[in-house]
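Peer 1: The following block contains the structure, expressed as structure tokens.
Computed from the coordinates by the stated procedures, all read-outs in this text should not be read as laboratory data. Everything numeric in this text was worked out from a predicted model, so none of it was measured. FYI the Cβ positions are ideal-geometry reconstructions off the backbone, even for glycines, and counts take in every protein chain you see.
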Amino acid sequence: MVFALTCGLIGGCVGYSWAVSGRLAAKEPVFVNEAELEFLARLDSGATVSPINARDIEVVGGSGTPQRSDAGKRVRFTLENAAGQNARVEATIDQVRGIATSDCRELRYHVYLTIVFAGESYRLLVNLNDRARSKDKLLLGRNWLRHGFVIDVSRT
């Protein structure tokens, strides 16, 4: 009886600890390992896959416009954060998928990048998108939230 009660209390505390530590503000600082850049990312439960600000996108052996057949090829691109810091990155295209935006539908390259948050590294699928006119250069979508995070709008 005492053993069962002790296990229940420990399990409850561990569960509570996880729930509190997984609560994030609407914006959180993260580090993109491959670019060695910090981004102030906005959490966006409306985005399926996380878009990141990328420009000068060049597929090695590609046609210049996104094609589904580009999956598996290498892509070079420049990531830029809100502070104007940028880095040239190269990655393998995991997939090319259609993305519905507010004004159109377009094909975007999807690559895996390593996002570091609170000392932990996460391999995250991101889509490359020119977000130069957007205030938020990185949105962390539902594929980020699946790592056990929830958005706590009361936190700043």
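Peer 1: Quick one, what does Rg over Rh come out to for the range 22-151 if you take C-alpha atoms and the Kirkwood Rh?
Peer 2: Ratio value, two decimals: 0.94.
Peer 1: Please list, or write none, the lysines whose alpha carbon is within less than 26 Å of the alpha carbon of LYS27, excluding same-chain residues fewer than 8 places away.
Peer 2: Hits, sequence-local ones excluded: LYS135, LYS137.
Peer 1: Lys and Arg at +1, Asp and Glu at -1: add these up for the other residues within a Cβ distance under 10 Å of ARG155 and post the number.
Peer 2: 0
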